Amino acid sequence: MTRRASVILAVVVIVMAYSLPAFMSGFRLFQFTQVCIYAIALMGLNLLTGYNGQFSLGHGAFYAIGAYISAIMMDQWAIPYGWTIPVAGILCLVVGFLFGRPALRLEGLYLALATFSLALAVPQILKYFEHWTGGSQGLVLSKPKAPFGLKLTEDQWLYLVTLTITVIMFVLAANLVRSRVGRALVAIRDNHIAAESMGVNSAMYKSLTFGVSAAYTGIAGALSAVAIAYVAPDSFNVFLSVTFLIGIVIGGLGSIWGNVLGAVFIQFVPNWAQDISKAAPWAIFGIFLIGFMYVMPYGIAGALKLLWIRAVRPRVTGQGGEAVSPQLPSPSR
Amino acid sequence: MGAILEVEKLEAFYGRTQALHGVSFAMEEGGITTVLGANGAGKTTTLRAISAMVRTRGSIRFAGEPIQGKSTEGIVAMGIAHVPEGRGTFVDLTVEENLRIGMYARRDKRHAGRDMERVLELFPILRQRRRQHAGTLSGGEQQMLAVARALMLGPRLLLLDEPSLGLAPLVVQEIFRILRLINEESRVSILLVEQNASLALDLADHVFLLETGRVVLAGTSDVLRRDDSIRRSYLGY
Amino acid sequence: MDIFIQQVMSGLATGGIYASLALALVMIYQATDVVNFAQGEMAMFATYLAWSMMNAGLPYWGAFVATLAVAFVGGVVIQRVIIRPVENKPILTIVIVTLGLLVIFNSVAGWVWTYLQKPFPSPFPREPLRLGTVVFGAHDLGEIAVTLVMLVLLFLFFRFTPLGLAMRAAAQNPVSSRLAGIRVGWMLALGWGLAATFGAVAGLMVAPILTLDPNMMGGIQIYAFAAATLGGFTSPVGAVVGGFLVGIVENLVGTYVSFIGTELKLTVALAMIIVVLLVKPSGLFGRTHVRRV
């Protein structure tokens, strides 16, 4: 897609997104707030796994850290929610970078195992530090009200704030990905030895990517604490990390739009599955997952890209005049 | 003796890239043909096309039967043994296990034992290293093992991809001597891809030369060896 | 000292369960670079099938053998029908498919058999055995015996049969295997079948202890990951040794270290994973992956 077409599409989508509160309110709107939050979280994971090729099965941990930083700041020190978000981001950046350094030695399956173990440990650790985290019962917070006496419900205000932060984070990410840094990340993913021989400091980039990735997901976590006004250890179990992974694969690895699409999927498809079958909703969800992977193995964004290539570019023919199908560059194995 | 292999207007593709542009040749049963050419000319691709390891168009007939469209495993079962570039040794299995795998697809299992004996006679070093892991063998020994493994199939056609690659000249000579022996004994047809043109011309009776996926020269090796101008311009010596 | 021996034996028994499941994971990973996240749930499902068979009147060992057979066929079918369409796709795509399978098996089991815990019979006598002053649970010894028998059979199969050799070859070098006339696709399917069989063994051995419920294998799967990490994901022998070691360590730590109660036991598994990954990621028996540039 050309740069201009992409920007125009983005503007259209953003305008439509901002107008949503006019059409829906309450729970429905809240679900879209959650979609925005998930989109930021997925963007974080996608930067690490999709663009940089480092598998993480533990991003729920950063989400939890961000959420609890925000919750503790609001609960213990009555800090206004607005400040908690950037603080969560910065702290998660540091934590992610610190995790990224030793993780440099691990690749593929082994990194996945390490992050998986971390994700598993998170609820236990959160319960252990009861004094700060409120233990198993968690922390109850209060929903922010619209400032300056604006005539907005809490849900509407939350939605607009979240949406704005989402747009900002995505624009930053898009710029990052299209820059030299972004290209370096992809080079490292595809062949880090070759990248290094071209002068790319693979180790520094990989650790930094971990940090930025953690920051994004941490900010999403912080937003979720503000939006839901409640944090508890069991909501940050390994299943959350798996959900994020599902989100980026379904949405499309290495794709900006993919994160929005993936967020919509993980927010709404479980509900649809429940509508279809009360008795075994997750079985339906599982069938959806498998079906999606058959039809769109490169995610929704990948499938759309293929359609675009087929529609726009002229067909390449072999010697005999028959069409030879174009191929998508595959993300790393 | 009919034609063991007939290839007509063969095209081969790696994804969108076309590597062979209409290659045609034929081999008599019991003959040794060598395919020569520079790097990237399409020599390895030709062998891969016969073994159905790449996408192809055109016609390939083995002992009269069309084989394009068949699976690799099916083609092997018909009696074509392919020793790939780099030998393809099962490095984590023992020498003996490598040989046993060679006979997995063999049609005529009754004489497998006899062939195993013959192969160990031809390559005594393999008998010596029977229980060793194949990965511990030297390059030359692995090449012998690869040829031996291919022979365990009891093939009618043997495809060899650059057997001399990375091997000392004496070792290569020995291997080529054994190839000639096998050819004379069991009438196994051999299609040999080689960079080392002079050695290949010594062994083979027919030759064809590939250049960017096309046959540019074909004939008997005698003629090619004697024609100085052809030799110099195409074979560089 | 007696307690020590008892705990080691007990650890070997649970270790056998971890070893079986870890072996299943490693068999598939070694051949395809894919971790079958649904392995535990498939095992749980097979165990429920056994329960239904026994409920219908089948004696224990009859149901045992029948379940292993069904699990084998199930594994083959799943590989051919569900995994094959995405075989050559990016690895995360395949991971999502196995996650889908995980969720489907778990959910369907809950739907068919409900989430109520069901007791599951053990074929071994209830009275413990005494050797001198040491007491051994009969179920523990029986488990160890069953696991060892299965492992020996598997070893004999892989070592001495042509099919076993072909499967090993296909896992190590699919391209050369094709050139040897081995139908690599079917070898993979058989691998999945064998993996499912060993998963079922793990399920059948653990069900009498944990009681049967759809989430029974969750914790076991994590221990199996620890076992495979410790032993080396690229080594079936490693998976087995790792399983037994994890079982022993888990038991000894639980006995001798006072603050590790049942909730923190899982943390022991996680700690083992992290330690192995920090020190030698490829595990005790695994090979460090050398990549050609």
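The values are calculated or read from the model by the stated rules, or taken from the named source; none is laboratory data. What you see is a predicted model; the values in this text were computed from it and never measured. Backbone-built Cβ (ideal geometry, glycine too); neighbour counts: all protein chains shown.
Identify, please: which residue in segment B:99-118 is of a type in the set (Lys, Arg) and part of a loop (DSSP other than H, G, I, E, B) and is, among those, farthest from the other protein chains (Cβ to nearest Cβ)?
B:107
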> Just one of the numbered conditions (1) away from chain C (no Cβ under 13 Å); (2) at pLDDT 85 or above is not true of residue A:190; which one?
Replying inline: (1)
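Please pick out the residue among C:88, C:36 that is over 22 Å from residue C:149 (Cβ atoms), crowded, with 24+ Cβ neighbours inside 10 Å and not hydrophobic (A, V, I, L, M, F, W, C). Reasoning before the result, please.
Details: C:88 fails: crowded, with 24+ Cβ neighbours inside 10 Å.
Criteria check complete, one pass: C:36.
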>> For the condition away from chain A (no Cβ under 14 Å), surrounded by 15 or more Cβ atoms within 10 Å (Cβ to Cβ) and modelled with pLDDT of 95 or more, what is the one hit in C:70, C:97?
In response: C:70
> Out of segment A:193-238, which residues are touching a residue at least 60 places away in the same chain (Cβ under 8 Å) and either within 14 Å of chain C (Cβ to nearest Cβ) or touching a strand residue (DSSP E or B) at 6+ places or on another chain (Cβ under 6 Å) (or both)?
Replying inline: A:225, A:230, A:231, A:233, A:234, A:237, A:238
> Here are some conditions: (1) touching a residue at least 12 places away in the same chain (Cβ under 8 Å); (2) part of a loop (DSSP other than H, G, I, E, B); (3) among the hydrophobic types (A, V, I, L, M, F, W, C). Residue A:279 meets all but one. Which one does it not meet?
Replying inline: (1)
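So that you can scan it fast, the table gives a plain yes or no per residue for (1) of a type in the set (S, T, N, Q); (2) more than 28 Å from residue A:112 (Cα to Cα); (3) surrounded by fewer than 20 Cβ atoms within 10 Å (Cβ to Cβ):
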position	(1), (2), (3)
C:105	no, no, no
C:108	no, no, yes
C:111	no, yes, yes
C:118	no, yes, yes
> Mind checking which residues of segment C:145-201 are more than 9 Å from every other protein chain (Cβ to nearest Cβ), among the β-branched types (Val, Ile, Thr) and more than 25 Å from residue C:45 (Cβ to Cβ)?
Replying inline: C:152, C:161
> Which condition breaks for residue B:34 when tested against (1) within 14 Å of chain C (Cβ to nearest Cβ); (2) of a type outside the set (Asp, Glu); (3) touching a helix residue (DSSP H, G or I) at 6+ places or on another chain (Cβ under 6 Å)?
Replying inline: (1)
> In segment A:120-132, which residue that is within 10 Å of chain C (Cβ to nearest Cβ) and of a type in the set (A, V, I, L, M, F, W, C) is surrounded by the fewest Cβ atoms within 10 Å (Cβ to Cβ)?
Replying inline: A:125
> Looking at segment B:198-214, is at least one residue crowded, with 19+ Cβ neighbours inside 10 Å, on the phi > 0 side of the Ramachandran plot and touching a residue at least 60 places away in the same chain (Cβ under 8 Å)?
Replying inline: yes
> For segment A:256-287, which residues satisfy the criterion of being more than 8 Å from chain C (Cβ to nearest Cβ) and under 24 Å from residue A:116 (Cβ atoms)?
Replying inline: A:258, A:259, A:262, A:263, A:265, A:266, A:267, A:269, A:270
> Are any residues in segment A:137-179 in a helix (DSSP H, G or I), among the hydroxyl-bearing types (Ser, Thr, Tyr) and over 17 Å from the mean Cα position of the chain (by Cα), and if so, which ones?
Replying inline: A:159
> Can you name every residue in segment C:45-67 that is away from chain A (no Cβ under 14 Å), among the hydrophobic types (A, V, I, L, M, F, W, C) and under 21 Å from residue A:286 (Cβ atoms)?
Replying inline: C:46, C:49
> Which condition breaks for residue B:69 when tested against (1) surrounded by fewer than 18 Cβ atoms within 10 Å (Cβ to Cβ); (2) modelled with pLDDT of 90 or more?
Replying inline: (2)
> Only one of B:121, B:96, B:73 is within 8 Å of chain C (Cβ to nearest Cβ), closer than 23 Å to residue B:163 by Cα, among the charged types (D, E, K, R) and touching a helix residue (DSSP H, G or I) at 6+ places or on another chain (Cβ under 9 Å); which?
Replying inline: B:73
> Of the residues that sit in segment C:84-105 and are touching a Leu at 6+ places or on another chain (Cβ under 8 Å) and part of a helix (DSSP H, G or I), which one is nearest to residue C:44 (Cα to Cα)?
Replying inline: C:103
>> Can you pull out every residue in segment C:1-51 that is part of a loop (DSSP other than H, G, I, E, B), touching a residue at least 60 places away in the same chain (Cβ under 8 Å) and of a type in the set (A, V, I, L, M)?
In response: C:34, C:35, C:38
> Could we say that residue B:11 is modelled with pLDDT of 90 or more, farther than 23 Å from residue B:154 by Cβ, buried (at least 19 other Cβ atoms within 10 Å of the Cβ) and within 12 Å of another protein chain (Cβ to nearest Cβ) here?
Replying inline: yes
> So, of the residues in segment A:52-89 that are assigned to a helix (DSSP H, G or I) and among the β-branched types (Val, Ile, Thr), which turns out to be farthest from residue A:208 (Cα to Cα)?
Replying inline: A:72
